Amino acid sequence: MAADRLTDVMERYEAVIGLEIHTEITASRTKMFCGCPVAFGGEPNTRVCPVCLGMPGALPVPNEAAIEWTVLAGLATECDIALWSQFHRKQYFYPDMPKDYQISQYDLPFCSDGRVSVEVDGPGAAERLDRGHALESGLLTGDAEAYTTVIGITRIHLEEDTGKMVHVGGAEGRIAGADYSLVDFNRAGTPLMELVTEPDIRTPEEARRFAQKLRQIWLALGVSDCSMEEGSLRVDANVSIRPRGATGLGTKTEVKNMNSFKSLHDALAYEIVRQAEVLDAGGVIQQETRHWDVGAKRTSALRSKEEAHDYRYFPEPDMVPFQFTEEWIAALAGRLPELPDARKARFVAELGLPAQDAVVLTSDTALATYFEDAVAAAGAERAKAVANWVTGEFAAHLNAAGIGADASPVTPGALAEIVELVDGGTLSARQGREVFSAVIETGMAPSAIVEQRGMRQVSDSAAIEAVVDRVLAANPDEVARYRDGKTGLMGFFVGQVMKEMRGQANPGVVNDVLRARLG
Amino acid sequence: MPISESDVRHVAMLARLALSDEQVTQLTEELGAILGHIDELQHLDLADVQPTAHPLDMTNVMRPDEVRPGLTREDALANAPQTEDGAFVVPPIVGGGDDA
């Protein structure tokens, strides 16, 4: 899907997008309504009991911790917490739901009417073609390169996850043409939060940023491991388009099966263009569920969406309602950790970091904690230098190794040591990077590596002057051209001196000496 | 009539009930009588009455988040008509679902 095709369509149509995000509460030890453990994978049907197998007469009892986690999630997204709530039965027939109904929530969810602010910057910001106007009218804040949009949260309710099915025969485990299916109920009954947003999202990039932001909040809370690959975070999107300037809503489609943030973006971009092509050709949009095929990079129709009342919700007779008090909610609010937005603001206000560094650091809870630990070791006055290392060298190393900040062989203390050595002038920046790589390879302490390799930055002017003189003598033509005004050659001279001194010279002193000699 | 025969057939389809024409006629009458009674209740002024959420006058019944022993896989699968690799075998599914 070419980006210019999307731009072309978005000039004529506005997209209206809402997300439904399911999150498994992996922080819960047990399932939603029984004492079976919550875990991923394992041999089929080894974490099951009469309740999660839906056997007649079994009595489901709600898990208090899962309800607390859901309320915490609601508080973290500025939701109102219901003082009166209950579970409902949602009826449908599918083999992954052994009771033939799912215990969910209907008109009395635990959390409703929240909001999450989402920063959109980089090339993706340009997808919002009307951002100039929206910034003027106050709908968005920030500027055209980096704007913030506030996405409403309609509700967060709690339900139970389904089992897993494997389709046998037919083409490659696809449901169509399968000979039969295998059902594993290990996942059935896992506590599952469903968050529904208002249709406040206008571009595929905003949808991606929202989902990423929500993941950061959930990770900071610790409610879930939020693994899109393992299915503990699942994002579905409702999308419709309307002519620019129109206020009514077009017919929407629901897009499923997007198992990465990139897929979420690409599937929405595809779907917006597809809908525009249908409308441009004089057709009508069918309300339907469409499946994203990541290989073919297209969506295809799955089935017609059942009307909501076909689920025949009614109050769950096996459970009594919940009556929460303001005191209980306030006590839970006291358990909220610092959330990414607050942490970002603190990094700017207390540590004096540029906003851009703070955004990068707080985009990953483990990275932000690593940064804070390193600053604690190096001293707050070196916060900016530590931030440069963490967002630069360290982030690149995590990327290359495919690990999280808490799994790196470079401990926060080791990074702090390197920053101090470079900041204090003992090592050049280049030597610092060499020590950094050596820590990854050997696991040794930076000071031990410096000792072992005899790495010291040479700041002694006499030693540097001698080398500078040799370099100038060996390059008379360049010296002449420099004196004729080719001052850009300074970099060449610095490079020659550094090469001769194997990178150990203090670049500041080298520059000073060169300027004095050439001046 | 507060409910039509086609409503009854629709609800029966959703519940996967196979009804004969006679049963449809009979249920349309019986459900109509029940809905007629509900309709009478709708005319009462209940503005100040809290809905009954549950016949038991209890709230907040929960359990602590503690693992309890479940079934062995052998027991779990004991009544399954067909199993394979520790999983329940079900016939091929036509149409969608998986709507959690």
Open item on the list: Please give the charge dipole size of region A:461-518, origin at the Cα centre, charges +1 on K and R Cβ atoms and -1 on D and E Cβ atoms. Round to the nearest 20 debye.
Closed with: 80
Open item on the list: Under the rule a/c < 1.5 gives rounded, and otherwise a/b versus b/c splits prolate from oblate, where does region A:71-184 land using the Cα gyration tensor?
Closed with: oblate
- [ ] Take every Cα pair under 8 Å in region A:1-129 that's 6+ residues apart, average their separations, divide by the length, and report that relative contact order as a whole percent.
- [x] 20
TODO: No other cysteine beta carbon under 4.7 Å away is the test; run it over the protein assembly as shown and list who passes.
DONE: A:Cys34, A:Cys36, A:Cys49, A:Cys52, A:Cys226
TODO: Please give the calculated 222 nm ellipticity per residue for chain A, where each DSSP H segment of at least 4 residues contributes -39500 (n - 2.57) and the sum is spread over every residue; nearest 500 deg cm²/dmol?
DONE: -12000 deg cm²/dmol
TODO: Report, by chain and number, residues whose modeled amide H sits under 5 Å from the one on A:Arg187, excluding near sequence neighbours (fewer than 5 apart, same chain).
DONE: A:Lys164
Task: Pairs of lysines in region A:239-379 (C-alpha under 30 Å apart; 8 or more residues apart or interchain) - done: 9
Task: region A:340-453: relative contact order in percent, alpha carbon pairs under 8 Å with at least 6 residues between - done: 21
Task: Projected area averaged over orientations for the protein assembly as shown, convex hull of C-alpha atoms, nm² - done: 39.5
Task: Residues A:Asn511 and A:Ser437, FRET efficiency given R0 of 22 Å [Cβ-Cβ distance, rounded to 0.05] - done: 0.30
TODO: Write out the trypsin sites (Lys or Arg not before Pro) in region B:1-82 meeting two conditions: DSSP loop, and at most 16 other Cβ atoms within 10 Å of their Cβ.
DONE: B:Arg16
- [ ] Evaluate the charge dipole of the protein assembly as shown about its Cα centre and quote only its size in Debye, nearest 20, assuming +1 on the Cβ of each Lys and Arg and -1 on the Cβ of each Asp and Glu.
- [x] 2380
TODO: Among the aspartates and glutamates, select those whose C-alpha is under 13 Å from the C-alpha of A:Lys384, and discard any that sit fewer than 8 residues away in the same chain.
DONE: A:Glu350, A:Asp357, A:Glu372, A:Glu420, A:Asp423
- [ ] List the pair-distance distribution P(r) of region A:340-453, using every Cα-Cα distance, as the percent of pairs falling in each 5 Å bin from 0 up to the bin containing the longest distance, rounded to whole percents.
- [x] 2, 13, 25, 24, 19, 11, 4, 1, 0
Open item on the list: Give the lysines whose C-alpha is closer than 25 Å to that of A:Lys486, dropping any in the same chain fewer than 8 places away, or say none.
Closed with: A:Lys499
TODO: Answer rounded, prolate or oblate for region B:1-94, using the Cα gyration tensor with square roots of eigenvalues a ≥ b ≥ c: rounded when a/c is under 1.5, else prolate when a/b is larger than b/c, else oblate.
DONE: oblate
- [ ] Based on the mean of other Cβ atoms within 10 Å per residue, sort peptides B:46-53, A:133-140 so the most packed one is first.
- [x] A:133-140, B:46-53
TODO: Pick out, from B:Ala80, A:Gly57, A:Val223, the residue whose Cα sits farthest towards the positive end of the charge dipole of the protein assembly as shown, with +1 on the Cβ of Lys and Arg and -1 on the Cβ of Asp and Glu.
DONE: A:Val223
- [ ] Mean Kyte-Doolittle of at least -1.0 plus a Cα span of 24 Å or more along the axis: flag which DSSP H helices in chain A meet both, please.
- [x] A:204-221, A:261-280
Task: Among B:Gln42, B:Val90, B:Val11 - extreme Cα towards positive end, dipole of chain B, charges at beta-carbon - done: B:Val90
Task: Point-charge dipole on Cβ atoms (K/R +1, D/E -1) for region A:340-453, about Cα centre, debye to 20 - done: 200
Open item on the list: Given the options A:Gly248, A:Gly124, A:Gly454, identify the residue whose Cα lies farthest towards the positive end of the charge dipole of the protein assembly as shown (+1 on Cβ of Lys, Arg; -1 on Cβ of Asp, Glu).
Closed with: A:Gly454
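The numbers here are math on the coordinates, done by the rules we state, and not lab data. Given the structure is predicted, the values throughout are model-derived calculations rather than measurements. For neighbour counting, all protein chains shown are included, and Cβ atoms are generated from backbone atoms with ideal geometry for every residue, glycine included.
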